[in-house]
Structures are given as structure tokens and as C-alpha cells.
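Nothing in this text is a laboratory measurement; each read-out follows from the coordinates by a stated rule. Computed from a prediction, not measured in an experiment: that's the story for all the values here. With ideal geometry, Cβ positions are generated from the backbone for all residues, glycine too; neighbour counts draw on all protein chains shown.
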Amino acid sequence: MKSDKRKYDWSAETESFREEYDVICNWVKKDSKVIDLACGNGSLMNLLTKRNDSKCVGVEKSKSGVEICKNKGLTVRNGSIDEKLDYLKDNEFDYSICSVTIQMLFYPEVTLSEMKRISKYQIISFPNYGYFTNRIELMFLGRFPRRQLAGYDWFDTGHIHNLTIKDFKNTVTKIFDLEILDFYFPGKLRSINRFNPNLLASTGVFLTKRI
């Protein structure tokens, strides 16, 4: 039986790489202070530390993720990210990152608000629920799209607040007063998905700035 996505167990995946990691490394300036919220096994922090000489700190809910990060020599704190991060000061970091996790949070609006408070720049990525294969599956098969759940079922997935690229843009610009500086849409269709990312991009990756 497959693992339960809600348990956030990283013990079988001590190292990982996503296509957008290279883009994020290019966005983050050298010697920057970075916090990775829901840092998982620390792969992105490790990459930023080695490539950019970034001073990285992570926050991770799962004990397995915390242990793996510490074994890599990374600075990490065990805790949730969709609550007030009172132990962090205003403007403590140059960049805050929340990678493919915002859709798994009970209070994503709190996370976005805290990211704005603690850093000048924010990097957020998430699976796009408006992706055309999700629409097709929902329309013709009448079930929650399996691609959106990464092979899990509706009851054992960690996804609880699914969103589209259009949702995200409206939220960060109109509610949180963040300016979108850059974006990236990974995947095989990336040469054309920029023309209609809400339909053609499976994932959205955004760099925003506090206004």
C-alpha cells in the first residue's frame, strides 16, 4: 500500500530535485539570507547554500525531514508554517520560499502574510489545478484529477486548498499587495504555456516582492 501523503515522511527520499530549483537559484542573489518554509529533506536549501553561498534556515513539520536536514548540516526548526511565526523578526530574511506546499496548508493566507512580513522577496510554487488535464479528467471522468494528487486518492492526499495560477495572481496582488517580479512554468509545454499558463502549465513558480 502506498504511503499516506498527510504523514510527510521523508525517510525514503533523502535527496530530491525539481526542475524549478535551478530557476530559484538564479532568482536568489548571492550571500542572501533565505528561509525555506516546509523545507522537506533540505534539498533546495542545500543547493542554495552550495551555489549561492546563501545563509539558509528551514522550518519543517515532519521529524524525518528535520533529521535529514540536520544530517546534511543544515539549520532547521521543527514546526508548522501556517501560523504566526513569532520567533522570526520583521525583515529578518531577504527571501522566503514556500515550494509546492501552499496547497497543503490549513491557513495558507497566514503563511503568505508571514512571508511578506519576514522577507522582502517571496518565492512560491504550487501545482496548478486549472491545468488542462485536470479539467479533462474532472469533466469526462467525473472524479477529482489523479494527476493533481500525484497518484494519491482524495482521502489520503495532503492537498486541501487547491488553487489555479489565476487564483494565485489575484490573491497576491489584490489581497496581499505583492508585486509579481518573475515567474516560471515547468514542464514539457513550457515553450508555449506562457501564453495561457492557467490552462497549459502544470505548476506555477513565482517571485514576488513586498510593495
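So for segment 43-54 (the condition being surrounded by 16 or more Cβ atoms within 10 Å (Cβ to Cβ) and either among the aromatic types (Phe, Trp, Tyr) or at positive phi (or both)), does at least one residue qualify? No, segment 43-54 has no match at all.
Scanning segment 150-162 for residues that are crowded, with 18+ Cβ neighbours inside 10 Å and within 17 Å of Ser125 (Cβ to Cβ) returns His159, Asn162. Among the residues of segment 190-211, the ones that are outside any strand (DSSP E or B), crowded, with 18+ Cβ neighbours inside 10 Å and aliphatic (A, V, I, L, M) come to 2 in all. Put simply, of Phe126, Phe140 the only residue that is closer than 20 Å to Glu19 by Cβ and outside any loop (DSSP other than H, G, I, E, B) is Phe126.
Applying the condition of being without any contact (Cβ under 8 Å) to a residue 40 or more places away in the chain and in contact with a Lys or Arg (Cβ under 8 Å, 6 or more places away or on another chain) to segment 15-40 and asking which residue is farthest from Lys188 (Cα to Cα) yields Asp31.
The condition of being out of contact with any Cys (no Cβ under 7 Å at 6 or more places or on another chain), surrounded by 22 or more Cβ atoms within 10 Å (Cβ to Cβ) and among the hydrophobic types (A, V, I, L, M, F, W, C) holds for only one of Cys98, Cys69, that being Cys98. Could you tell me how many of the residues in segment 147-173 are farther than 21 Å from Phe185 by Cβ and either in a strand (DSSP E or B) or not hydrophobic (A, V, I, L, M, F, W, C) (or both)? Going through segment 147-173 one residue at a time, the tally reaches 6. In segment 69-101, the residue that is nearest to Leu47 (Cα to Cα) out of those that are aromatic (Phe, Trp, Tyr) and more than 14 Å from the chain's Cα centre (by Cα) is Phe93.
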